[in-house]
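Shown next, in structure tokens, is the structure this report addresses.
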């Protein structure tokens, strides 16, 4: 039973050897030996047990461990153990010496270019014959263990198969077989040996498992088959996406183009990253994956990022930062709008404004300002003064917002009794068309107390302006008929006209008097 | 979602390697399930931890050291909530918590400030609508005054002795109203306050004077999530950010005056000392002449990837956590 993670490591390593490194005949065998030694670990405990016992040669599993070493091509370790046996059993000293010698002399492929394949083959043939001779001479006849070891060295399949339990898997069997019968195996020949090894090992008793099929496909150099089988067996795309990515980077998958335009690597990465996005915290990693998909990555990211649930402001800020870094302005606007609407519904006008500033959303800022102004009209006072008093440069984001800020300033000036300034501001609000028309009546009504003051505040010029504003407001289209019929409104207009006229009178006199003296 | 509160042991000092590096790994002592994201937390005393949740709940957990377990001691549900026009009452994230045993102050996205006492079931005081925007962080200025920062770039002082629901003072940034995310007060000189903004800017304020910051230091490239003065060496400041970096700001200017356990090591930076002896009393943070004093700023993260969300510092230890699901412990901060 191999756990999923070890299975993945097994497959990955094999792909590295066969595809990425593309080991050639010679080094190929060495790599495969390393691979078997690393991944077939069921025998490790047994080995440890024997090695750490006081008298290893007396241990009942002693010969098993020696067999394991030989099967895995670990000659030095096998010889070391055998020497212990030899010292314990001086009668078999002769046999031991010969076996030891054979093991020492066994030709193996070297990693450097110190010998060619033909040289190796020649040497190996020579050595093989020598082993054959010793076996046939009956040198090891008295010790069945050693005899069986010699047979293994000769690549005798039956002898090797006898030790099935020590090898545990057919691919171990394959490599052992290759080591002792075809050490110069070429990559393209692997498939035949693999198939026969699996058949021999399983012997018709059990059928191959999915893992076996994947490894077989690898030995047959069918990369696409490997990916396909892995996709079917594994429950998520992680392994397949990364393997395909690796193979793609080694330029091994170029030939295959899928029908919908993107290549297999991108397809798998997109699938994997999309899967990540459904996770509550791993979505951030998905972003990086999309970044590395040149064709569709950006589109996928744009669609996914908008759907990340934004349950706190902090999460929204992280999402926004990702969008801003990639110039996804549409998404920034849409996310800010969502957050601003949420804030508005919860009556957090300051938060709503803060979101519209981040998105530079003038329309929303106008909406918020209208909300404030509505509140003012209904209640007669401003809510959230801390916000309006401290708008700063963000006031310029939208005209309505500017109006709101300036209107509040007017109230402040009035409260501080700085009437001339307040008056000037009020007038500017109307003449410069900062105030929306709907608000003019309110502004003019605000002007009333200023007109009624003991001191004259509005100059003649300003009074004329005010009158003009009033006329603009009351004249105009017949739609305004309705508001003219309203009693309160008509009274207001009357009062205004009266106040303006009186102010005008006073100011003309005042201005005339000053000039005179 | 499975969020947990966990207590880790950062190991003993027994495993020190050749270069004095620390070899042990932090290991988990105990943990407990938590409802919602953990937005902030702080130790109330040796055994109790106050945790702020994104659901608006504030919980006190007790750590039982004899059998290494955590249990929920007390909970204030709906400490922070929104009153929605459509639905009735939804939770609002509690964004910050600060403790001064037995008092606990919390702030949240609902703009509300709560004052709790550890042994009382209901809140001692609640300031509804203290702010029209989100309050991001809170810290104690004095035992009866707190500082809050919000998402329209304002720093406010609240006097808890007074009954009116208005801040006693409001400070704001000069230019754009960039949201402020964190605040910390100088441990010894209580008029010095540091805040971090959404644009990664570090601002130092002198709250005795003016309504604007004394200095603005361009720091990170993204939101600054936390700022902390070192509690015993306040010439050192630490900030962490969404851009994945953690900066150590060293404003200690006079080498000879430093206590002996702060080693300079192999650094070759020169420090220009203050010109007069009187000025050495004034904190280096307030002097705004960049040519006079050099501040050394170091990024403590060699290969940064995802956001550093939180940090804390005590003595020679620095702890920080990132979005990469990692916690880092540095036990030799000044080596």
* To do: Would you mind finding the one in A:342, A:318, A:337 that is more than 12 Å from every other protein chain (Cβ to nearest Cβ) and within 23 Å of residue B:108 (Cα to Cα)?
  => A:337
* Within region A:150-187, how many residues are part of a helix (DSSP H, G or I) and over 25 Å from residue A:120 (Cα atoms)? -> 8
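Let's see how each residue does on (1) out of contact with any strand residue (DSSP E or B) (no Cβ under 9 Å at 6 or more places or on another chain); (2) buried (at least 18 other Cβ atoms within 10 Å of the Cβ); (3) within 17 Å of residue A:169 (Cα to Cα):
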{"site": "A:21", "(1), (2), (3)": "yes, no, no"}
{"site": "A:58", "(1), (2), (3)": "yes, no, no"}
{"site": "A:61", "(1), (2), (3)": "yes, no, no"}
{"site": "A:67", "(1), (2), (3)": "yes, yes, yes"}
{"site": "A:71", "(1), (2), (3)": "yes, yes, yes"}
{"site": "A:80", "(1), (2), (3)": "yes, no, no"}
{"site": "A:87", "(1), (2), (3)": "yes, no, no"}
{"site": "A:94", "(1), (2), (3)": "yes, no, no"}
{"site": "A:99", "(1), (2), (3)": "yes, yes, no"}
* more than 23 Å from residue B:147 (Cβ to Cβ), surrounded by fewer than 21 Cβ atoms within 10 Å (Cβ to Cβ) and at pLDDT 90 or above, is that true of residue B:64? -> yes
* For region B:277-299, indicate whether the set of residues that are touching a strand residue (DSSP E or B) at 6+ places or on another chain (Cβ under 9 Å), part of a loop (DSSP other than H, G, I, E, B) and at pLDDT 85 or above is non-empty. => no
* Which residue, of B:93, B:72, is within 11 Å of another protein chain (Cβ to nearest Cβ) and either at pLDDT 90 or above or in contact with a helix residue (DSSP H, G or I) (Cβ under 9 Å, 6 or more places away or on another chain) (or both)? -> B:93
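In this structure, is residue B:83 away from chain A (no Cβ under 11 Å), within 22 Å of residue B:148 (Cβ to Cβ) and touching a strand residue (DSSP E or B) at 6+ places or on another chain (Cβ under 8 Å)? Steps first, answer last, please.
Numbers: away from chain A (no Cβ under 11 Å): no; within 22 Å of residue B:148 (Cβ to Cβ): yes; touching a strand residue (DSSP E or B) at 6+ places or on another chain (Cβ under 8 Å): yes.
No.
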* Condition met for residue B:131 (touching a helix residue (DSSP H, G or I) at 6+ places or on another chain (Cβ under 8 Å), within 14 Å of chain A (Cβ to nearest Cβ) and in a loop (DSSP other than H, G, I, E, B)) -> yes
* Structure fact -> Counting only residues that are part of a loop (DSSP other than H, G, I, E, B) and more than 14 Å from chain A (Cβ to nearest Cβ), region B:30-57 contains a total of 4
* Asked: Scanning region A:392-403 for residues that are touching a residue at least 12 places away in the same chain (Cβ under 8 Å), more than 7 Å from chain B (Cβ to nearest Cβ) and under 24 Å from residue B:181 (Cβ atoms), which turns out surrounded by the fewest Cβ atoms within 10 Å (Cβ to Cβ)?
  -> A:397
* Complete set of residues in region A:90-124 that are in contact with a helix residue (DSSP H, G or I) (Cβ under 7 Å, 6 or more places away or on another chain) and touching a residue at least 40 places away in the same chain (Cβ under 8 Å) -> A:92, A:95, A:96, A:98, A:99, A:102, A:103, A:106, A:107, A:109, A:111
* Quick check: is even one residue across region A:221-240 modelled with pLDDT of 90 or more and within 30 Å of residue A:103 (Cβ to Cβ)? -> no
* Structure fact -> Going through region B:100-127 in order, the residues found to be more than 11 Å from chain A (Cβ to nearest Cβ), in a loop (DSSP other than H, G, I, E, B) and under 22 Å from residue A:346 (Cβ atoms) are B:123
* Which residues, taken from region A:246-269, are modelled with pLDDT of 85 or more and farther than 16 Å from residue A:14 by Cα? -> A:248, A:249, A:265, A:266, A:267, A:268, A:269
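Here is a yes/no grid of residues against (1) within 13 Å of the chain's Cα centre (by Cα); (2) outside the structural domain of residue B:42 (by the TED database); (3) surrounded by 19 or more Cβ atoms within 10 Å (Cβ to Cβ):
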| position | (1), (2), (3) |
| --- | --- |
| B:196 | yes, yes, yes |
| B:210 | no, yes, no |
| B:213 | no, yes, yes |
| B:221 | no, yes, no |
| B:229 | yes, yes, yes |
| B:233 | no, yes, yes |
| B:237 | yes, yes, yes |
| B:240 | yes, yes, yes |
| B:245 | no, yes, yes |
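State all residues of region B:138-158 that are farther than 14 Å from residue B:125 by Cβ, in a strand (DSSP E or B) and within 14 Å of chain A (Cβ to nearest Cβ); if no residue qualifies, say none.
B:148, B:149, B:150, B:154, B:155, B:156, B:157
The values are calculated or read from the model by the stated rules, or taken from the named source; none is laboratory data. Every value quoted in this text rests on a predicted model; they were computed, and no experiment measured them. When we count neighbours, we look across all protein chains shown, and the Cβ atoms used for this are built from the backbone with ideal geometry, even at glycine.
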